Amino acid sequence: MSRLRLPPLPTVRDIIQMYGLKAEKQLSQNFLFDLNLTDKIVRQAGNLKGSYVCEVGPGPGGITRSILNAGAKHVIVIEKDSRFLPSLQLLSEASDGRVTIQLGDVLKYNMKKVFPNRLSKDWSDEPPNAHIIGNLPFSVSTPLIIQWLAAVANRTSVFSHGRVQLTLTFQKEVAERLSAGVGDPQRSRLSIMAQYLCHVEHCFNIPGSAFVPKPDVDVGVVHFTPRIEPLIHCPFKLVEKVVRSVFHFRRKYCRRGIEILFPYDHQDFVDEVLEVTGIDPSTTPQWLTIDDFSRISEVYMSICERYPAIRTYDYR
Ligand code: SAM
């Protein structure tokens with residue numbers, strides 16, 4: 001029976017010094033040394049006792065320690081920078097092999113094989129006892145969440161195991177956008193894309209000063225639980241196109257954004273969308289509900305079925 005809590009270890013700060021791990025600006029590396037803070041991030045994931053956790057971008061392993069101390073049965077870490085291997089190996093040894101290290105780029109990693117198949121649950125069941133946690137550079141976390149939302153929609157990649165929950169950090173403004181409700185000035189494309197597929201909770205913010213070196217921005221921790229039923233029943237790519245177009249003119253009436261879904265000489269389709277959905281054309285995008293986006297997507301999809309060339313029409 002392996003120990004659940006780690007034995008006494010050199011601090012993460014000491015590890016950085018011992019192995020000469022200077023943060024690489026190019027990889028946007030900012031480390032968390034405060035174990036109270038890494039514990040707080042990990043608590044947002046829920047009860048990790050006996051769970052499998054995939055941690056993306058562990059760096060020197062501050063969050064990894066908190067995941068292990070929370071009682072995770074196994075942690076798979078995916079790290080791009082091989083300089084962190086010795087510090088991660090130290091954690092693997094100290095935890096009786098509860099850490100598996102995968103060196104590589106998480107954006108290209110095949111997440112389907114990250115958890116054993118025996119953990120898989122049906123989509124309509126409770127989420128499986130498998131979690132993704134990570135404090136990645138913002139240049140990686142934003143494209144990654146879009147990639148993962150597409151996988152939630154299609155139930156592929158890591159979501160072939162069921163409704164795997166995610167606890168991730170973002171630039172504070174992105175965290176606000178992800179969770180913004182109707183009428184919130186931060187309401188944007190990301191709000192709709194995330195919330196139609198997941199329950200999204202912006203848990204708390206971490207001041208930039210808590211990181212070493214200090215980034216120019218503050219950080220928000222966001223928790224995602226995939227919904228059993230998405231709030232929009234159209235293909236992900238189609239929804240993305242509709243939402244991107246409508247938010248293209250953030251401060252204008254939504255009619256303007258709907259117009260760019262169609263060629264200039266097909267404004268009759270815009271009238272059709274507004275008539276069938278009953279949406280007031282003078283509403284600004286931030287005031288549209290997810291149900292409004294659902295109805296716009298449905299009508300747009302039916303027009304695309306009648307006139308397939310519309311689907312590939314690109315305003316740009
Ligand atoms: N999680 C650690 C912490 O909180 O102290 C390190 C955070 S640092 C902001 C981001 C980490 O992600 C770095 O270790 C960096 O090397 C790693 N990383 C950056 N891009 C990555 C990618 N595409 N795939 C995997 N790891 C990546």
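The values are calculated or read from the model by the stated rules, or taken from the named source; none is laboratory data. Computed from a predicted model, the values in this text were never measured in an experiment. All Cβ positions, even for glycine, are placed from backbone atoms using ideal geometry, and neighbour counts span all protein chains on display. Heavy atoms of the whole protein, side chains included, go into the accessibility calculation; ligands, DNA and RNA do not. Shrake-Rupley method; radii C 1.70, N 1.55, O 1.52, S 1.80 Å.
Among the residues of this structure, LYS73 counts as one that is more than 10 Å from the ligand (Cβ to nearest atom), modelled with pLDDT of 95 or more and of a type in the set (D, E, K, R).
Could you list, in sequence order, the residues of segment 147-181 that are within 16 Å of the ligand (Cβ to nearest atom) and closer than 20 Å to GLN286 by Cβ? Scanning segment 147-181 gives PHE170, GLN171, LYS172, VAL174, ALA175.
Would you mind stating whether ARG43 is open to solvent by 50 Å² or more (accessible area, probe 1.4 Å), under 21 Å from PRO128 (Cβ atoms) and more than 8 Å from the ligand (Cβ to nearest atom)? Yes: the conditions hold for ARG43.
For segment 98-115, taking the residues that are in contact with a Ser or Thr (Cβ under 8 Å, 6 or more places away or on another chain) and away from the ligand (no atom under 16 Å from the Cβ), the one that is modelled with the lowest pLDDT is identified as LYS112.
Please go through segment 73-108 and pick out each residue that is open to solvent by 20 Å² or more (accessible area, probe 1.4 Å) and either outside the structural domain of PRO10 (by TED's automatic domain parsing) or charged (D, E, K, R) (or both). Those that are open to solvent by 20 Å² or more (accessible area, probe 1.4 Å) and either outside the structural domain of PRO10 (by TED's automatic domain parsing) or charged (D, E, K, R) (or both): LYS73, LYS80, ARG83, GLU93, ASP96, ASP105, LYS108.
So, in segment 211-270, exactly how many residues are more than 25 Å from GLU305 (Cβ to Cβ) and within 27 Å of the chain's Cα centre (by Cα)? Number satisfying all stated conditions: 21. Candidates HIS199, HIS248: the one that is open to solvent by 20 Å² or more (accessible area, probe 1.4 Å) and under 20 Å from PHE269 (Cα atoms) is HIS248.
None of VAL299, VAL276 is free of Cβ contacts under 8 Å to residues at least 24 places away in the same chain and not assigned by TED's automatic domain parsing to the domain that holds THR38 except VAL276. ARG244 meets all of the listed conditions (1) within 20 Å of ALA175 (Cα to Cα); (2) in a loop (DSSP other than H, G, I, E, B) but one, namely (2). Just one of the listed residues (ASP292, ASP265) is part of a loop (DSSP other than H, G, I, E, B) and not assigned by TED's automatic domain parsing to the domain that holds ALA180, namely ASP265. If you go through segment 116-144 and pick out every residue that is exposed (fewer than 14 other Cβ atoms within 10 Å of the Cβ) and within 12 Å of the ligand (Cβ to nearest atom), you end up with 2.
For segment 221-241, the criterion of being modelled with pLDDT of 95 or more, outside the structural domain of ASP34 (by TED's automatic domain parsing) and over 30 Å from ALA45 (Cα atoms) is met by at least one residue.
Within segment 193-245, the set of residues being of a type in the set (Asp, Glu) and either more than 19 Å from SER141 (Cα to Cα) or touching a helix residue (DSSP H, G or I) at 6+ places or on another chain (Cβ under 6 Å) (or both) comprises ASP218, GLU229. When we screen LYS237, LYS214 for residues that are touching a Gly at 6+ places or on another chain (Cβ under 6 Å) and surrounded by fewer than 21 Cβ atoms within 10 Å (Cβ to Cβ), the only hit is LYS214. If the condition is being more than 14 Å from HIS74 (Cα to Cα) and either assigned to a strand (DSSP E or B) or aliphatic (A, V, I, L, M) (or both), then segment 105-118 contributes VAL106, LEU107, MET111.
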